[in-house]
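The values are calculated or read from the model by the stated rules, or taken from the named source; none is laboratory data. Everything quoted here is computed from the prediction, not taken from an experiment. As a convention, Cβ positions derive from the backbone with ideal geometry for all residues, glycine included, and neighbour counts pool all protein chains shown. Quick note on the areas: whole protein, heavy atoms, side chains included, nothing else; ligands and nucleic acids left out. Shrake-Rupley method; radii C 1.70, N 1.55, O 1.52, S 1.80 Å.
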Amino acid sequence: QVQLVESGGGLVQAGGSLRLSCAASGRTFSLYAMAWFRQAPGKEREIVAAITSSGGSTYHADSVQGRFTISRDNAESTLYLQMNILRPEDTALYYCAARNTPGYTTGGDYHYWGQGTQVTVSS
């Protein structure tokens, strides 16, 4: 089992920045590919970014490419999402997720999920 706890969300003006964190506990963090997902009210959950277990390869959705950066610190068992140039359409509940494979997937088939942290971007 892996337990995931997100933090760092909040209210920010358009153009601002936030850094989300996801603290993992339980099994060895470095064995898991990780991802950030988000879900806005009335919309389906979508993947934002993903990273391999080693951190050597990443994926960013087109909508956040060039603005968001996923990273991880395996020594600290923590996943990050640096979000810059935030837009009102980035408003959503952001979740981190873990997959018990070295490689990530861009689908929703992750094995462990956090409870989410709310990000609200005002115009």
Given the criteria surrounded by 17 or more Cβ atoms within 10 Å (Cβ to Cβ) and within 16 Å of Y110 (Cα to Cα), does A50 qualify?
yes
Name the residues in the stretch 62-82 that are more than 23 Å from S30 (Cα to Cα) and surrounded by 15 or more Cβ atoms within 10 Å (Cβ to Cβ), would you?
V64, R67
Scan the stretch 96-107 and give yes if some residue there is closer than 21 Å to L18 by Cβ and either in contact with an Asp or Glu (Cβ under 7 Å, 6 or more places away or on another chain) or among the charged types (D, E, K, R) (or both), otherwise no.
yes
One residue from G42, G8 being open to solvent by 20 Å² or more (accessible area, probe 1.4 Å) and in contact (Cβ under 8 Å) with a residue 60 or more places away in the chain
G8
Let me confirm something: among A49, A24, A61, A14, which residue is of a type in the set (A, V, I, L, M) and touching a Lys or Arg at 6+ places or on another chain (Cβ under 8 Å)?
A14
If you check L93 against the conditions, is it open to solvent by 30 Å² or more (accessible area, probe 1.4 Å) and not in a loop (DSSP other than H, G, I, E, B)?
yes
Quick check on the stretch 103-117. Is at least one of its residues open to solvent by 70 Å² or more (accessible area, probe 1.4 Å), closer than 15 Å to L4 by Cβ and under 11 Å from the mean Cα position of the chain (by Cα)?
yes
